[in-house]
Amino acid sequence: MARKKRYAAIDVGSHEIRLYIAELPERSLPRVVEKVRRTLSLGSDTYSTGAISHSLAADCISILSGFTEKFSEYNVQKVFAVATSAFREAANSTFVIDQIQRQTGILVEVLTNAEEKSFHTIALAELMPEFEDLIRQGTMIVDIGSGSIQATAYDHGDFLFSQNMLLGSL
């Protein structure tokens, strides 16, 4: 019997940190075996002061340290961790990411806005069987986040434009 590989995905967002642990069997679809969400409003600092405070950085590290216990419990082979606009917009993001890696061993990659929205579109297309038909008819996708709104337009199946508008902390 082939052993199932387990992977962890972490999303360090502007309002919460999410962990998903999934099994990837050789000949079937992935299966999520554990989901953990922790609320932490990193964006409130970033959007109001331009940086992540020491106390919120410490809270983030504490949450991620707790996640590492799950990696051992589930025998996770690889961890993928990404951060979004709260880190992208923070003046001290490089320092905080360095501290996260030093204290937890987790390497966090900060996604560009384009990468983040591309992943959102891929997820929509996967979850909505009618996605291709909708963009052929003319569609605007509005992604309302904790600190920004992204509007993306399609017509006749073609991408027209995408505009991100920073709002500050919601």
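Filtered by the rule that a residue be open to solvent by 90 Å² or more (accessible area, probe 1.4 Å) and either at pLDDT 95 or above or touching a His at 6+ places or on another chain (Cβ under 7 Å) (or both), the stretch 18-38 gives Lys35, Arg37, Arg38. Among the criteria (1) surrounded by fewer than 17 Cβ atoms within 10 Å (Cβ to Cβ); (2) in a strand (DSSP E or B); (3) of a type outside the set (Ser, Thr, Tyr), the one Ala58 does not fulfil is (2).
Considering the conditions (1) open to solvent by less than 60 Å² (accessible area, probe 1.4 Å); (2) not in a strand (DSSP E or B), Thr152 is excluded by exactly one of them, (2).
I'm trying to understand the selection: among the residues of the stretch 1-16, which are touching a residue at least 60 places away in the same chain (Cβ under 8 Å) and open to solvent by 40 Å² or more (accessible area, probe 1.4 Å)? Walk me through it before giving the result.
Just the residues of the stretch 1-16 that are touching a residue at least 60 places away in the same chain (Cβ under 8 Å), to begin with: 5-15.
Those that are touching a residue at least 60 places away in the same chain (Cβ under 8 Å) and open to solvent by 40 Å² or more (accessible area, probe 1.4 Å): Lys5, Arg6, Tyr7, Ala9, His15.
What number of residues within the stretch 111-149 satisfy the criterion of being part of a loop (DSSP other than H, G, I, E, B), open to solvent by 50 Å² or more (accessible area, probe 1.4 Å) and touching a helix residue (DSSP H, G or I) at 6+ places or on another chain (Cβ under 8 Å)?
2
One residue alone among Leu56, Leu19, Leu40 is touching a strand residue (DSSP E or B) at 6+ places or on another chain (Cβ under 7 Å), more than 19 Å from Glu73 (Cα to Cα), free of Cβ contacts under 8 Å to residues at least 60 places away in the same chain and among the aliphatic types (A, V, I, L, M), and that residue is Leu40.
The values are calculated or read from the model by the stated rules, or taken from the named source; none is laboratory data. Remember, predicted model here, so these are calculated numbers, not experimental data. Quick reminder, even Gly has a Cβ in these numbers, built from the backbone with ideal geometry, and neighbours come from all protein chains shown. Calculation scope for accessible area: heavy atoms of the full protein, side chains included, ligands and nucleic acids excluded. Shrake-Rupley method; radii C 1.70, N 1.55, O 1.52, S 1.80 Å.
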